[in-house]
1. Among 259-265, 27-33, how do they line up from the highest to the lowest mean number of other beta-carbon atoms within 10 Å?
2. Specify the inter-centroid distance of region 105-169 and region 49-98, based on alpha-carbon positions, in whole Å.
3. Can you give me the P(r) profile for region 137-262? Cα pairs, bins 5 angstrom wide beginning at 0, each as a whole percent.
4. Taking a ≥ b ≥ c as the square roots of the eigenvalues of the Cα gyration tensor of region 56-294, is the shape rounded (a/c under 1.5), prolate (a/b larger than b/c) or oblate?
5. Whole angstrom only: what separates the Cα centroid of region 181-208 from the Cα centroid of region 249-310?
6. For the peptides 143-149, 87-93, 171-177, 244-250, what is the packing order when you average, over each peptide's residues, the other Cβ atoms within 10 Å and list the highest mean first?
7. Just check region 19-137 against the gyration tensor rule for me: Cα atoms, a ≥ b ≥ c as the square roots of the eigenvalues, rounded for a/c under 1.5, and otherwise prolate or oblate depending on whether a/b exceeds b/c.
8. With the cut-off at 1.5 for a/c, could you classify region 1-61 from its C-alpha gyration tensor as rounded, prolate or oblate?
């Protein structure tokens, strides 16, 4: 029987276990530049089989939150190199998650006065954190065809920067209501061109971005995260049962490093998507009213997934694989320090032996 503590090959890497650090925005960058504190944070969690970073904007217009890191300048590359060096020094494998937030953002968060972009001029319901407090989302500027093509190249360029910075690969963020997910949706994407309309057109941006990144850095270094039917950030998907199997079937021949599924409102789709996917399958399982915990490791043993990603539990337990191996105990997370701040609630959680890096 396969367990969470057995190795698995992902791309060219043989991971030491099947426990994955899920991507989590922590807003600890210096502006948009990674810091030494971030290097400590990821190094502390390097006993995971795989680390996936917080969302990293591939371009300035892709930023949607304060103090989230970028990967579109040489300064970013140099700063991320300190992070990847710290992880590799402890034997870890780390992928950079590339996240363009699209319409989820605000002009005041951007370095130059610009309106966030999206598939269509449809404002998301809700608010976003800014330096001056919560602000309503704005009506995004719809991407022209030229703008869509430039966005695809932004992702490919950022992927090349990731490899230059020492990352072992990239995960494309096609979930949680951000730009790629906005193009998949039926309420944020009202286009009538080749990028909208029928499912085969709405999946096109995700497909083309994935192909461009795979061509730039190799499919074995390219992964994708999806969250079918996830309503986060005001997303509606009326034909989720048609869209996602079509998307996964289209991408499967590329031979990507893995497919990462975040379960929310359509867990019944997971077995179908796993069947359609030939490569490694990573699951962030639906756990209503709780967090992903040790009981979800049984999903690996039953063959429902190859790997499991942990978010909040990994936030508070830097040595999570060791704790899972012995059944705990587990630190409680301090969610008041989840976004922004200093080392408190970030790098000061104790390990089982009460030592920290």
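Quick note: the coordinates plus some simple rules give every number you see, no bench work behind them. Computed from a predicted model, the values in this text were never measured in an experiment. Note that each Cβ is placed from the backbone with ideal geometry, even for glycine, and that neighbours are counted across all protein chains shown.
1. Values: 259-265: 22.6, 27-33: 17.1.
So the peptides 259-265, 27-33, ranked by packing, come out 259-265, 27-33.
2. Each part reduced to its Cα centre gives a spacing of 16 Å.
3. Per 5 Å bin, starting at 0, the Cα pair percentages come out as 2, 11, 22, 24, 21, 14, 6, 1, 0.
4. Judged from the Cα gyration tensor, region 56-294 comes out rounded (a/c under 1.5).
5. Taking the Cα centre of region 249-310 as reference, the centre of region 181-208 is 24 Å away.
6. 171-177, 244-250, 87-93, 143-149
7. Working: a/c = 2.32, a/b = 1.96, b/c = 1.18.
The shape class here is prolate.
8. Prolate is the answer for region 1-61, as a/c is 1.5 or above and a/b outweighs b/c.
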